[in-house]
Amino acid sequence: MALLQISEPGEAPVPHARKRAIGIDLGTTNSLVATVRHGLAVVLPDTEGRPLVPSIVRYGEDGVTTGYDAMAKQASDPQNTIVSVKRLMGRGLSDLDDDRRFPYRFVDAPGMVRIATRAGVKSPVEISADILRALRARAESSLGGPIDGAVVTVPAYFDDAQRQATKDAATLAGLPILRLLNEPTAAAIAYGLDNASEGVYAVYDLGGGTFDISILRLSRGVFEVLATNGDSALGGDDFDHRVFCWIIEAANLPPLSPADARLLLVKSREAKENLSDHDEAIVAATLADGSKVNAMLTRAIFTEITANLVNKTMQPVKRALRDAKMAPEDVKGVVLVGGRATSVIDDSSAWLEVVLPYEMLSRMLR
């Protein structure tokens with residue numbers, strides 16, 4: 001059975017034509033590509049069996065690398081290794097709260113910020129296209145031919161400029177876009193809410209670079225989006241940066257070089273992820289001048305230094321409820337989405353209190 005039937009107006013589809021369609025999650029931290037086989041959605045892994053592609057691009061002396069190869073160079077070549085580019089999609093330099101936290105050489109340009117790299121000045125659209133090319137190549141290798149269409153997920157709170165930038169990146173990557181699908185809706189479907197009992201559900205999606213809250217009504221297997229809200233500049237990257245700042249203060253470090261800053265950001269993320277399974281995490285690094293950094297991050301410290309970031313998610317939640325004309329007790333269940341960990345909370349009569357515990361959020365931020 002063909003995944004798609006595509007034909008010119010007035011022409012019948014080619015009988016038994018096999019069309020190859022894929023779904024892409026173009027994430028801030030990691031991306032992936034999936035397709036449908038025998039009626040089931042399956043993620044397409046690389047040759048080593050890894051399902052994810054780190055959303056990282058490096059412009060090196062020997063060409064462009066993406067994913068794990070680029071990730072290995074993010075500390076040694078920070079100005080030419082671009083991470084979290086999704087946060088820059090459709091945004092100008094004036095839109096960035098603090099461009100100094102990025103080790104890049106920004107070039108202010110009309111419409112959208114640019115980054116000076118070894119391969120020339122690159123836009124977020126061009127960098128995202130390199131990630132999408134890697135996903136397309138993986139899909140073509142797995143499916144045995146060219147891709148006829150792709151559904152790409154985007155944050156529900158992306159504005160028109162950010163959505164258009166995503167479409168432009170797909171076009172540059174040679175991917176025909178079938179549809180942009182809001183990430184909270186995709187998450188609700190992926191985690192089985194379309195098979196759940198009818199009622200109102202909330203999807204609390206705190207990803208690597210963006211936060212979305214969607215209020216959905218499920219009726220006869222169909223989702224109606226009652227309201228969406230969020231913050232397209234709030235996510236796991238900000239939690240990493242809080243840990244990074246804490247390390248600098250705890251170790252009383254002087255201003256850091258771009259390479260040292262990127263190294264400590266990597267260590268900050270690793271420590272945050274370790275807190276998902278442990279009560280404390282050691283941060284150890286050797287800087288370029290040979291000095292060593294050793295610090296102990298505990299869950300209690302992490303809770304304290306990130307509390308205001310968690311609280312920032314509550315205003316969009318309250319606005320979404322207000323726009324949907326709902327009270328917290330009207331919500332039957334909550335899907336907590338974030339990176340590699342997702343959970344569903346049912347019977348959530350006081351779900352605003354449920355989503356606030358920081359230990360749960362630290363797991364979501366992995």
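Read the figures in this text as sums done on the coordinates, not as results from a lab. Just so it is clear, the structure is predicted and the values come from calculations on it, not from any experiment. Every residue, glycine as well, gets a Cβ built from its backbone with ideal geometry; the counts of neighbours run over all protein chains shown.
General remarks:
- The residues packed around VAL151, meaning those with a beta-carbon under 14 Å from its beta-carbon, carry a net charge of +3 if Lys and Arg are +1 and Asp and Glu are -1.
- Cα gyration tensor, the stretch 236-303 - rounded (a/c under 1.5), prolate or oblate: prolate
- Neighbour counts of C-beta atoms inside 10 Å place LYS267, LYS73 in the sequence LYS73, LYS267, starting with the fewest.
- Residues in the stretch 131-143 carry Karplus couplings, in order, of 5, 5, 4, 5, 5, 5, 4, 4, 5, 5, 5, 6, 9 Hz; the curve used is 6.51 cos²θ - 1.76 cosθ + 1.60 with θ = phi - 60°, and Gly or Pro positions show x.
- Protection proxy ranking of 183-189, 81-87 - average other beta-carbon atoms within 10 Å, highest first: 81-87, 183-189
- Cα gyration tensor category, rounded, prolate or oblate, for the stretch 137-231 with a/c compared to 1.5: oblate
- Extension gain from THR171 to SER141, taking 0.36 nm per residue of separation minus the Cα-Cα distance: 8.9 nm
- Rounded to the nearest 20, the Cβ-based charge dipole of the stretch 236-303 about its Cα centre (Lys and Arg +1, Asp and Glu -1) stands at 100 debye.
- Under-5 Å amide H pairs with THR28, H placed in peptide plane, nonlocal only: GLY208, GLY209
- Extended-chain gain in nm, criterion 0.36 nm per residue less alpha-carbon gap, ASP108 and ALA41: 20.0 nm
- Fewest-first sequence of MET71, MET314 by Cβ atoms within 10 Å of each Cβ: MET314, MET71
- Couplings 3J(HN,Hα) of the stretch 214-220, computed from phi: 10, 9, 10, 10, 9, 9, 6 Hz, in residue order, whole Hz [Karplus 6.51 cos²θ - 1.76 cosθ + 1.60, θ = phi - 60°; x for Gly and Pro].
- For ALA227, the residues whose modelled amide H falls within less than 5 Å of its own, excluding neighbours fewer than 5 places apart on the same chain, are ILE215.
- Cα→Cβ-extended label distance, 7 Å offset, between MET314 and VAL222, nm: 3.7
- Here the relative contact order of the stretch 55-127, from alpha carbon pairs under 8 Å that lie six or more residues apart, stands at 28 percent.
- Karplus-derived 3J(HN,Hα), 6.51/-1.76/1.60, for each residue of the stretch 298-303, Hz, glycine and proline x: 9, 4, 5, 5, 4, 4
- Whole-angstrom gap from the stretch 44-118 to the stretch 305-332, using each part's C-alpha centre: 31
- Ascending count of other beta-carbon atoms within 10 Å, so fewest first, for HIS278, HIS241: HIS278, HIS241
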